[in-house]
1. With r defined as the distance between the Cβ atoms of residue B:354 and residue B:438 and R0 fixed at 41 Å, what FRET efficiency is calculated, to the nearest 0.05?
2. With both bridge residues required to lie in the protein assembly as shown, what share of the DSSP beta bridges run antiparallel, to the nearest 5%?
3. So what is the relative contact order for region A:124-424, in percent, with contacts set as C-alpha pairs under 8 Å and at least six apart?
4. Under the rule of -39500 (n - 2.57) per DSSP H run of 4 or more residues, summed and divided by the residues of chain A, what mean residue ellipticity at 222 nm is obtained, to the nearest 500 deg cm²/dmol?
5. Quick check on packing: order B:126-136, A:327-337 by the mean number of other C-beta atoms within 10 Å, highest mean leading.
6. Averaged across the residues of B:305-316, what count of C-beta atoms belonging to other chains lies within 10 Å of each residue's C-beta?
7. For peptide B:564-576, what's the mean number of Cβ atoms from other chains within 10 Å of each residue's Cβ?
8. Report, to the nearest 10°, how far helix A:410-420 tilts away from the longest principal axis of the Cα atoms in chain A, using its own Cα long axis and a range of 0 to 90°.
């Protein structure tokens, strides 16, 4: 995000919504004109509150995000549709009159807080295979629970320039190195793996690629180009690590022979072209095809018995809301310390991070970080390690997470911060 | 506490603890340190023992245990090598060695160690079993399969390592192979029967016929047992029992073991088919048991038949009981109580009353009162309220008061029923009965009239199991009462009854009549029931609209969280559970 441009827009937006500003939203007589959606411990459903703001934007309204004010609260117009929506979803709201709003704005102006206008509901795409279970991806679950609309896309749409239609793209546990999460040998014969392999091979063939790793790399490049042209990318779990590995593997065979017919290049680590990667550099790749680990980018190595690290908790960083509004938006939360959770890629080792990366959360004292952000061209990317914030030990075949049992999940809030963050962007994508 | 006092106390504790610690050495000291969580200290102690006695298995296992929490499992390798050199035939050491090589991610060494162990113990399955387990701990399924296959080949027995092969196949979703291997396992080791049933029970529906076909091809009795219990598990208990009964051996203990296992597999069924299967299995047990055990099994069978609605079979068994040389007085008290309960439930009320009189001197007061109340319920079911009242007498226990309430209600005495239910309080009967009474109070309390014979007739019809007559009668009562004075509650109950009987059209109509704003205490429950009904009928949009109406109209109702959850499920926002 270009900070100066963002700040200029934030100021203009605040004026537009302010009771002291010009114009503004329709005024509803007989009751207070504003609704404050508190996001501190007064909120009865933090996750659905994001959906409330999103749907208000979808209806063509405008909102403000009060960064660092009561856990990152939202200011919405108290129109009948929003009031009804909040009541249906069980979201706590507080009616505000103009006088109280002026007082809150004064408080925001005087502290490490800011008011960011939200102008347009981003068009959301989730990258997932056509037959993916709806409950096996934390972002899909969060979007469904909050009531935020999204569309699923897959390799044919990405290769076919289909990303142009979306403002925000999410990747979850896809393996962009084309090695089926490196489960190929350990789960040989398991029906779900057979299905995954067949589907990927058929897709690669239909798109004219000789093997899956080649096709997945082309998908990774298309995604990087989408970011370059102004897209917002959010990735979790193993999509983070493998996307960068695929991007950096320009002319380097990093796939095992079961995936592309030829063994991995023994000197692959030395030949990687990290300048193509978004977040990582100088990583050492795992050469064994039987070890379900890709590289030393992941700090926790959950699938390697002898290297696996125990889970701790991670701490969100504090940023200056007025100077670093983007980073501040991404860490809005009612908790600062959050229990960690495993994924095929759980965390990111500090020594593999590029110097340009902004760390949003880390485990103090540990050699890894959890949540990172950066820019590429006109767009931005955010990587969040781990699979499911409310299922720390997630195993294949686990029961789906029911978010109605975790309406205050601080980990899921971080996901939803990312969904709403592009709403603050004014310009259309330059794709 | 001041620093000086703390230091003094610490010193005192150290002085006190030191002699005890000093007396301990070797393995006991290692155990003690391990118990305290000092794994590094325990590792040092175990290593000291192993330095002088390299093949000490207790020390080696202790070291293996404490290295795990220290995240140093592979660091045991030097001690393992020394132990093997000192005692190359000790199977315990080989087991530790295999696990150590697995931790070190050295498949070649795993293989070499297993081969060495196999050579030292020819004819033993254990080396191959441990080899496979070590491979599995590295998630190396092909390696595990190779170990098991090699073991089977070398041992020359087609059923060697069958349980391991079965588990591996099951985990891979290959239930056909798994069932063949489990058959081989239980033929040789019948004790694995329950494990086999539990392992094959999760077979996906589309693969069940294949599995049953494989089991059917095996003519052994162990195969019939497996087949019977799997069929029971998959909702066909009658078929299962048929196969088992046909194959029961003459050997009584073997047959009884199989039948009891089948009954246990059924658990406490509610569906009629499962209840009948349970009853028949109990009959078969009775046929093979001595007098007292046979009588008890027949009574349980009669109860199960009765619960399944098979009155003829229940009566047949009770008649057998009557012919039995054992008089009711000879039966254990529990069995005698069962007999009277079954007789009352079967409508043989005079017979039950006679038996109760005979047994009374041998029963304690609590059991006697329980049985009398069972008899009261029997007379209610038969519609003989006078006899029911006479048997209940002046029972003033909380359960008795609750029954008085019901009897008054059936006679249409609303005020009397309310007074009796209030006296009985919330503790009479089991939880379901208490909940039922609480729901009834919601219906009775708004009614202003002291007597309402129509309501009594409706509730009696419901008790007698005539849902259709009860629904019609309740609708009539509801139509004659103002909504806020019991009319809405009567329609709500009628709507729920119609829904439970599958008459969804009538249920929707009745619930809509109940969901009126004039009855704000009833309307939320009626709207929720209506929302559930519409969603169950796949009218998702209508169901969602109904639930939204409930949440927005009655935001303070305690039913709102339940309505929101249903709404989330209907919209796909949360998984259905």
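Each value in this text was obtained by applying a stated rule to the coordinates, not by laboratory testing. Keep in mind that what you see is a predicted model, and the values were worked out from it rather than measured. Backbone-built Cβ (ideal geometry, glycine too); neighbour counts: all protein chains shown.
1. My answer for the efficiency is 0.65.
2. Roughly 70 percent of the beta bridges in the protein assembly as shown run antiparallel, per DSSP.
3. 19
4. Working: 13 runs with 135 residues, N = 431.
It lands at -9500 deg cm²/dmol.
5. By packing density, highest mean first, the sequence is B:126-136, A:327-337.
6. 0
7. Details: counts 6, 3, 0, 3, 9, 2, 0, 3, 3, 13, 10, 11, 2.
Neighbouring Cβ atoms belonging to other protein chains average 5 per residue here.
8. So the helix axis and the longest Cα principal axis differ by about 80 degrees.
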